[in-house]
1. Within the stretch 118-132, what residues put their amide N at less than 13 Å from the label point 7 Å along the Cα-to-Cβ vector of residue 143?
2. Add -39500 (n - 2.57) for each DSSP H run of 4 or more in the chain, then divide by its residues: what number comes out at 222 nm, to the nearest 500 deg cm²/dmol?
3. With θ taken as phi - 60° and the coefficients 6.51, -1.76 and 1.60, list the Karplus ³J(HN,Hα) couplings across the stretch 16-32 in order, rounded to whole Hz; mark glycine and proline as x.
4. Of all accessible surface on the stretch 34-133 at a 1.4 Å probe, what whole percent is carbon and sulfur?
5. What residue among 118, 62, 150 shows peak mean-square fluctuation when the chain is described by a Gaussian network model with Cα springs under 10 Å?
6. Once both labels are modelled 7 Å past Cα along the beta-carbon direction, what's the residue 41-residue 129 spacing in nm?
7. So what are the ³J(HN,Hα) numbers for the stretch 88-101, from phi and the Karplus equation (6.51, -1.76, 1.60; θ = phi - 60°), rounded to whole Hz, Gly and Pro as x?
8. Please calculate the 1.4 Å probe accessible area of residue 19, with all protein chains present, and give it to the nearest 10 Å².
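The values are calculated or read from the model by the stated rules, or taken from the named source; none is laboratory data. Being a predicted model, the structure only gives us computed values, none of them experimental. We place every Cβ from the backbone using ideal geometry, glycine too, and count neighbours over all the protein chains shown. Side chains are part of the model used for accessible areas, which takes the heavy atoms of the whole protein and leaves out ligands, DNA and RNA. Shrake-Rupley method; radii C 1.70, N 1.55, O 1.52, S 1.80 Å.
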Amino acid sequence: MVFSLDLLAGLPARADFSDGLAAYDAGDYYAAYLEWLPSAEAGDGDAQSAIADLYLSELLTLPAGLNEQRRLRRTALWWYRQAAQCGHIVAQLNLGDLHARGVGVVADPVQAWMWLGLAARGANAWAASRQAEVGQTMTSTQLAEGQALLDGWTASDSCGR
C-alpha cells in the first residue's frame, strides 16, 4: 500500500496544512486531524488524503476490535474517495489499491483498475504498474468495463478548488 504523508510533503505549503504536518511529525495525530479537518471539509484533496491516511493507519485511535477496524477503514475510504473524485492522484492510487485488495470494501478489480488508471494518467509510475498487475487478473469483460469507466470519468462538480 502506498498511503503516506511523505508523498504530500513536497506540495505547496498552506498554513493549516503545514501546521497539521508539524503536529503529525511531532506525533500529535489528533492535533494534525484538527488542523486538516476544516480544509478537508472544504474540499482540499491534500487534507482529505492526509485524514484518510490517519484513519487507515489507525493513528487516531486503536481499534477496539474487528468492527472498529472496519469502521476506520470505511472512514479512510470515504475520505480517499472525496479527494479522488476531485482528481487527487495519491488518493486515486490508494483508493484503487484498497479496491484491489478488498480493504474496507469487497474487492472490485474493475473499480481498482479504473482508479489506478486515473492515477497513472497523472504520471504516477507505481499506479501504472499496479494497474497492469490488477489487469492481469481481470477478464476481458472486466477490462472493457474498467476502460469504459476510465474513459468516461470526470472530476466531481463539488470539488473545493
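1. What the label zone holds, given the 13 Å backbone N cut-off, is 132.
2. Values: 8 runs with 105 residues, N = 161.
Roughly -20500 deg cm²/dmol at 222 nm, from the helical runs in the chain.
3. Residue by residue, the stretch 16-32 yields 5, 5, 4, 4, x, 5, 4, 5, 4, 4, 7, x, 9, 5, 5, 5, 4 Hz.
4. 52 percent
5. In the Gaussian network model the winner is 62.
6. Distance between label points: 3.9 nm.
7. In residue order, the calculated couplings are 6, 5, 4, 5, 4, 5, 5, 4, x, 5, 5, 5, 5, 8 Hz.
8. Accessible area, nearest 10 Å²: 80 Å².
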